[in-house]
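Please treat every number below as a calculation from the coordinates, not as lab data. Quick caveat, the model's predicted, so the values are computed rather than measured. We place every Cβ from the backbone using ideal geometry, glycine too, and count neighbours over all the protein chains shown.
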Amino acid sequence: MKRKILLASALCVSALSAGAQSWLGDVNQMIDEGAFAKAQVVLDGLLQSEKDANKIRIDSLQQIMQRTRRDFSINPAVGRLRIEDVVGRPVTDAEIERWKLDKYIEYRMIDGQEWWFRRGISNFRLLNRELFAVANEKSRHADYATTEKHYAQAMLTKADRNGTRNWHHTNITMSIDVDADAVPAGETLRVWMPLPYENLRQRNVTLVKSSHPATLSQGSVHHTVYMEAKAEAGKKTHFEINYTYDVGERHIPQSTMLKRLKPYDKQSATYKRYTASEFPHQVVTPQMQILAKTIVGTETNPVLQASKIYDWIAGNFEWAGAREYSTIPNIPEYVLHIQHGDCGQVALLYITLCRSIGIPARWESGWMLHPGEVNLHDWAETYFEGIGWVPTDPSFGRGTRTEALADYYKSGLDVYRMAANEGVCGDFSPKKTFVRSETVDSQAGEVEWRGGNLEYSQWNYHLKINSMEPIK
């Protein structure tokens, strides 16, 4: 499939209307080439009937351009000065060009002008192996020690028959505050907030209270609490939920998996669904199949094949701050091109590579709740016949290069998690009208009104862990 078609799919919007077929390809191509002004001229010149019929799609295309401009907002001259400040000396034109070729500096041409990624300077320090490899490695060693502490704590408890242990009862409050006058007074704000779901690591999920009447999602891969409220002039609109759930550490040692492994039932619904392509970010292509086969070599055991893919990602793609997912046509292909990725980006690459050689894999995400490290986080699950779904965190593979933890996150997760999403690009429940701020899943929440989606700049989210106590 051509990249210009994938670009429109990046926002996970609905199928094309008949009329959109005639102009959408041209607009996508213009956006892909950075000709945003030309694309806007085409959109502005559409007949009113065409605009009415394709209102949501046109809004989505404009969102792509708006978000891309926001992401690529550093003038190269300013960026150069910031890099010189980081390096501590003047840099040459040749160095700048080489660092761009090495993907240490990410940039885009927009309407004929070069712009650098807004997080590019901090990423430069993380990615530049010439100048900062020693300092970055020292920082990683501090992370190893913390992660090993969590692992050792879990191993003091006994696992149940599913391999889950170290159960904790957790109480969390999450809030969203919409800016005063973000929408006209009297308009209805619609809000979705993430909620954990029941699986082998999470149970007894209870919505204790909410600031407004709440509706729980039904049948969506994105588990949410939905609320509405009228905006008041000059006042922020506050939404809040409080929930509890029990969460446990779960991992299956590789040696155990190798003993229990059975041949895949390739006619099963699970196998067919999770080895197939899911557009736009889990696409099995001939190129992905070739790459996956190159990584695993002659290995035929699925457990060891998945392990090789995990190690290859951990060894080749450093963590770096990410662009808006909604502006990336195909995230795994982007990671291969840019040579780095954040947690969700490498998780999608792992999933796609596994599917490319017939290993079922899927997405899971929510929050990491580690003491002092509470943040959004994404990972994966891998399916092995005779074992079932096991959690896999490719991103944590980059920070656990010690003997005790070398294979831990290939088939395990620590207790400090809240999983709210078991797939990507699904419809919300109740359904959202406009394109989401986060198009892949739902972690920070979403806000809209009848006039459109509200971007993160118009509201703030906050998650507070009130308590997380071991269950005796």
Applying the gyration tensor rule to the Cα atoms of the chain (axes a ≥ b ≥ c; rounded if a/c under 1.5, else prolate if a/b exceeds b/c, else oblate), the class is rounded
Convert each backbone phi in segment 27-33 into a coupling constant with the Karplus relation 6.51 cos²θ - 1.76 cosθ + 1.60 (shift: θ = phi - 60°), then list the ³J(HN,Hα) values in order as whole Hz, x for Gly and Pro. 5, 4, 4, 4, 5, 4, 8
Note, segment 366-375: 3J(HN,Hα) by Karplus (6.51, -1.76, 1.60, θ = phi - 60°), whole Hz, Gly/Pro = x, goes x, 9, 9, 10, 4, x, x, 9, 6, 6
Cross-link pairs Lys158/Lys209; Lys138/Lys259; Lys272/Lys293; Lys230/Lys464 - those with Cα-Cα distance over 29 Å: Lys158/Lys209; Lys138/Lys259
How high is the relative contact order of segment 168-310, in percent, counting Cα pairs under 8 Å that sit 6 or more residues apart? 28
Rounded to the nearest 500, what is the chain's calculated 222 nm mean residue ellipticity when only DSSP H runs of at least 4 contribute -39500 (n - 2.57) each, over all residues? -11000 deg cm²/dmol
Where nothing but the Cβ of Lys and Arg (+1) and of Asp and Glu (-1) is charged, how large is the charge dipole of the chain around its Cα centre, in debye to the nearest 20? 880
Can you spot the aspartates and glutamates whose alpha carbon is less than 19 Å from Lys51's alpha carbon? Ignore those fewer than 8 places along the same chain. Asp26, Asp59
Looking at segment 397-457, which GluC sites (Glu not before Pro) are DSSP coil and have at most 11 other C-beta atoms within 10 Å of their C-beta? Glu403
Which of the trypsin sites (Lys or Arg not before Pro) found in segment 192-272 are loop residues per DSSP with 16 or fewer other Cβ atoms within 10 Å of their Cβ? Lys235, Lys236, Lys266
Taking every other residue with Cβ under 10 Å from the Cβ of Asn162 and scoring Lys and Arg +1, Asp and Glu -1, one gets +3
Net charge near Arg250: determine it from the other residues with C-beta under 14 Å of the C-beta of Arg250, scoring Lys and Arg +1 and Asp and Glu -1. -1
I'd like the trypsin sites (Lys or Arg not before Pro) in segment 340-423 restricted to DSSP loop residues with at most 11 other Cβ atoms within 10 Å, sorted by number. none
Of Phe239, Val283, Gln254, which is farthest on the positive side of the dipole of segment 239-286, counting Cα position, with +1 on Lys and Arg Cβ, -1 on Asp and Glu Cβ, and the Cα centre as origin? Gln254
Contact order relative to length of segment 236-345, as percent, for alpha carbon pairs under 8 angstrom and 6 or more apart: 21
